[in-house]
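Engineer: Attaching a single structure in structure tokens format; questions to follow.
The values are calculated or read from the model by the stated rules, or taken from the named source; none is laboratory data. Note that the structure is a prediction, hence the values are computed from the model and not measured. Every residue, glycine among them, receives a Cβ derived from its backbone with ideal geometry; neighbour counts consider all protein chains shown.
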Amino acid sequence: MDEREVLPVGEDTGTPDEIDEDYQDAVLPGARWERRRFVRCDFAEADLRGLVTQGCVFDDCDFTRTDLGESRHTASAFRSCRFDRTVLTDTTWNGCSLLGSSFSDCRLRPISLRDCDLSLVSFGNAMLKGSDLSGLRLREANLTDANLSKTNLRGADLTGARLIGTILADADLREAVLDANGLRQADLAGAHVDVDTAVAYAAACGLIVH
């Protein structure tokens, strides 16, 4: 499909849904999937290295121990999916939604995310050090105990994100949106912030700025 014809994320693909299909241990490296929809499918331990998806939808699918390394995804939605010990190194995500998906003990670096919606995503304890998450929507994401040191979060929307124990040393938070709870929870020591965030942080901590 021509890139100019990419569907908006989550739009009806126009093809029959694949529901409760078993792809466990499937060997499909380099597969190309366009405008396909998967519901509650099991991809556990499948070899999907180099997979290319465009305009696909995955709802409540299981990617436990799946190899998705070097895969590329454009305008695809992975909603409420489980990524447990999944290989995601060298993956590229453009204009994708990962709404409500959970990532546990995954190999994430390096990873490229552009214009993606990561609202309600769980990245608890994730190693994302040095990643570029600039401009991403991370509303109500669980980033508890995640390592985001040296991460580019410039312009990211972190409204409602859980930041307890999150490591943000040397992270770029300029123009990022954080609410009062996030500012109180986060350890911002060594983080790069703009004046507005500094003032908001002071107010969240009960300081009076003159």
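Quick grid of which residues meet (1) over 15 Å from the mean Cα position of the chain (by Cα); (2) assigned to a loop (DSSP other than H, G, I, E, B); (3) assigned by TED's automatic domain parsing to the domain that holds Leu99:
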| site | (1), (2), (3) |
| --- | --- |
| Ser134 | no, yes, no |
| Asp145 | yes, yes, no |
| Gly155 | yes, yes, no |
| Gly160 | yes, yes, no |
| Gly182 | yes, no, no |
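Engineer: Do the conditions hold for Glu175, that is, is it within 17 Å of Ser119 (Cα to Cα), modelled with pLDDT of 95 or more and of a type in the set (D, E, K, R)? It would help to see each step written out before you state the result.
Structural biologist: Values: within 17 Å of Ser119 (Cα to Cα): no; modelled with pLDDT of 95 or more: yes; of a type in the set (D, E, K, R): yes.
No, not satisfied.
Engineer: Report the residue count in region 46-85 for those that are assigned to a loop (DSSP other than H, G, I, E, B), in contact with an Asp or Glu (Cβ under 9 Å, 6 or more places away or on another chain) and of a type in the set (S, T, N, Q).
Structural biologist: 4
Here is a yes/no grid of residues against (1) within 30 Å of Asp59 (Cα to Cα); (2) loosely packed, with under 15 Cβ neighbours inside 10 Å; (3) modelled with pLDDT of 95 or more; (4) in contact with a Phe, Trp or Tyr (Cβ under 8 Å, 6 or more places away or on another chain):
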{"residue": "Asp145", "(1), (2), (3), (4)": "yes, no, yes, no"}
{"residue": "Asp157", "(1), (2), (3), (4)": "yes, no, yes, no"}
{"residue": "Asp170", "(1), (2), (3), (4)": "no, no, yes, no"}
{"residue": "Ala189", "(1), (2), (3), (4)": "no, yes, no, no"}
{"residue": "Ala198", "(1), (2), (3), (4)": "no, yes, no, no"}
{"residue": "Ala203", "(1), (2), (3), (4)": "no, yes, no, no"}
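Engineer: I've got another one for you. Taking into account only those residues within region 86-100 that are part of a loop (DSSP other than H, G, I, E, B) and either in the same structural domain as Asn125 (by TED's automatic domain parsing) or farther than 22 Å from Glu140 by Cα (or both), which is nearest to the chain's Cα centre (by Cα)? Walk me through how you get there before you give the answer.
Structural biologist: Our first condition is that a residue be part of a loop (DSSP other than H, G, I, E, B); within region 86-100, this holds for 86, 88-90, 95-96, 98-100.
With either in the same structural domain as Asn125 (by TED's automatic domain parsing) or farther than 22 Å from Glu140 by Cα (or both) added as a condition, the list becomes 86, 88-90.
Values: Thr86: 13, Leu88: 11, Thr89: 13, Asp90: 14 Å.
So, considering only residues that are part of a loop (DSSP other than H, G, I, E, B) and either in the same structural domain as Asn125 (by TED's automatic domain parsing) or farther than 22 Å from Glu140 by Cα (or both), the one nearest to the chain's Cα centre (by Cα) is Leu88.
Engineer: Looking at (1) surrounded by fewer than 17 Cβ atoms within 10 Å (Cβ to Cβ); (2) within 18 Å of Leu68 (Cα to Cα), can you tell me which one Met127 breaks?
Structural biologist: Failing condition for Met127: (1).
Engineer: Moving on to the next point. Mind listing just one residue for me: the one in region 123-170 that is among the acidic types (Asp, Glu) and touching a Lys or Arg at 6+ places or on another chain (Cβ under 7 Å) and, of those, nearest to Gly190 (Cα to Cα)? Show your work before the answer.
Structural biologist: Looking only at region 123-170, we keep the residues that are among the acidic types (Asp, Glu), and these are 132, 140, 145, 157, 170.
Those still in the list that are touching a Lys or Arg at 6+ places or on another chain (Cβ under 7 Å) too: 157, 170.
Numbers: Asp157: 20, Asp170: 5 Å.
Among residues in region 123-170 that are among the acidic types (Asp, Glu) and touching a Lys or Arg at 6+ places or on another chain (Cβ under 7 Å), the one nearest to Gly190 (Cα to Cα) is Asp170.
Engineer: Among the candidates Val121, Val87, single out the residue that is buried (at least 22 other Cβ atoms within 10 Å of the Cβ) and free of Cβ contacts under 8 Å to residues at least 60 places away in the same chain. Give the derivation first.
Structural biologist: Details: Val87 fails: buried (at least 22 other Cβ atoms within 10 Å of the Cβ).
That would be Val121, the only listed residue that is buried (at least 22 other Cβ atoms within 10 Å of the Cβ) and free of Cβ contacts under 8 Å to residues at least 60 places away in the same chain.
Engineer: Follow-up question, since we're still on this one. What about Gly55, is it surrounded by 15 or more Cβ atoms within 10 Å (Cβ to Cβ), at pLDDT 95 or above and on the phi > 0 side of the Ramachandran plot? Step through it out loud before you land on a result.
Structural biologist: Working: surrounded by 15 or more Cβ atoms within 10 Å (Cβ to Cβ): yes; at pLDDT 95 or above: yes; on the phi > 0 side of the Ramachandran plot: yes.
The answer is yes for Gly55.
Engineer: Also, I was wondering about something else. If we keep just the residues of region 101-116 that are in a strand (DSSP E or B) and either of a type in the set (A, V, I, L, M) or without any contact (Cβ under 8 Å) to a residue 12 or more places away in the chain (or both), which is farthest from Leu153 (Cα to Cα)? Full working, then the answer.
Structural biologist: Here is the first cut: in region 101-116, the ones in a strand (DSSP E or B) are 102-104, 107, 111-114.
Checking the rest, the ones that are also either of a type in the set (A, V, I, L, M) or without any contact (Cβ under 8 Å) to a residue 12 or more places away in the chain (or both) come to 111, 113.
Working: Ile111: 14, Leu113: 12 Å.
The qualifying residue farthest from Leu153 (Cα to Cα) is Ile111.
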